[in-house]
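Notes for the one structure printed next.
Bear in mind that the values in this text are calculations on the coordinates, not laboratory data. Since the model is a prediction, treat every value here as computed from it, not as a measurement. For neighbour counting, all protein chains shown are included, and Cβ atoms are generated from backbone atoms with ideal geometry for every residue, glycine included.
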Amino acid sequence: MTSCLFCRIIAGEIPGTLLHQDADLVAFSDINPQAPLHALIVPRRHIATLNDLTGMDDALVGSMVRFAAELAKQHGYDERGYRTVFNCNREAGQTVFHIHLHLLAGRGLHWPPG
Ligand code: 5GP
Ligand code: ZN
């Protein structure tokens, strides 16, 4: 059994509010939402951080970004605006070491971020 939280959510061992799943990606609601829409877009394959990506993953990461845009559109935020974020390692606040793209929408988002 894996100790990775997101691998366990993807495997259905831990409940999550699923928004989408396909052969390569799973999207679910963040348990501690920071905006009215706060989704996490996660590859099924375990990749710990952005530093572990290779050229073989370019299409996978592209599909994550495109799916975030699609999800934002499905929720009516494509014109209003939304933010996508990958946190990488400690100073960026990464707490789950299985890459995930945050999608935040539904309120004004400040810049620069904290
Ligand atoms: P990070 O800080 O690594 O970029 O983001 C991890 C995210 O995972 C956080 O926003 C946190 O709220 C979310 N999270 C942590 N544990 C769980 C969980 O058990 N279920 C879900 N759905 N989200 C979680
Ligand atoms: Zn994992």
Around H20, which amide H atoms from residues at least 5 apart in sequence, or from another chain, sit under 5 Å from its own amide H, with H modelled in the peptide plane?
A27
Convert each backbone phi in the range 49-55 into a coupling constant with the Karplus relation 6.51 cos²θ - 1.76 cosθ + 1.60 (shift: θ = phi - 60°), then list the ³J(HN,Hα) values in order as whole Hz, x for Gly and Pro.
9, 4, 5, 9, 6, 10, x
Run the dipole for the range 5-105 about the Cα centre, Lys and Arg Cβ at +1, Asp and Glu Cβ at -1, nothing else charged, and hand back the magnitude in debye, nearest 20.
160
Quick check on the chain: helices-only [θ] at 222 nm, where DSSP H runs of length 4 and up contribute -39,500 (n - 2.57) each and the sum goes over total residues. Nearest 500, please.
-6000 deg cm²/dmol
Cut-off 15 Å between beta-carbons: net charge of the residues surrounding F86, Lys and Arg +1, Asp and Glu -1:
-2
Using only Cα atoms, tell me the angle between helix 58-74 and the longest principal axis of the chain; keep it within 0 to 90° and round to the nearest 10.
40
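When only C-alpha pairs under 8 Å and at least 6 residues apart count, what is the relative contact order of the chain, in percent?
Numbers: 156 pairs, mean separation 34.0, N = 114.
That works out to 30 percent.
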Cysteines not pairable in the chain (beta carbon separation under 4.7 Å absent):
C88
Residue-ordered couplings for the range 76-82, obtained by feeding phi - 60° into the Karplus form 6.51 cos²θ - 1.76 cosθ + 1.60 and rounding to whole Hz (Gly and Pro as x), are x, 9, 5, 7, 5, x, 7
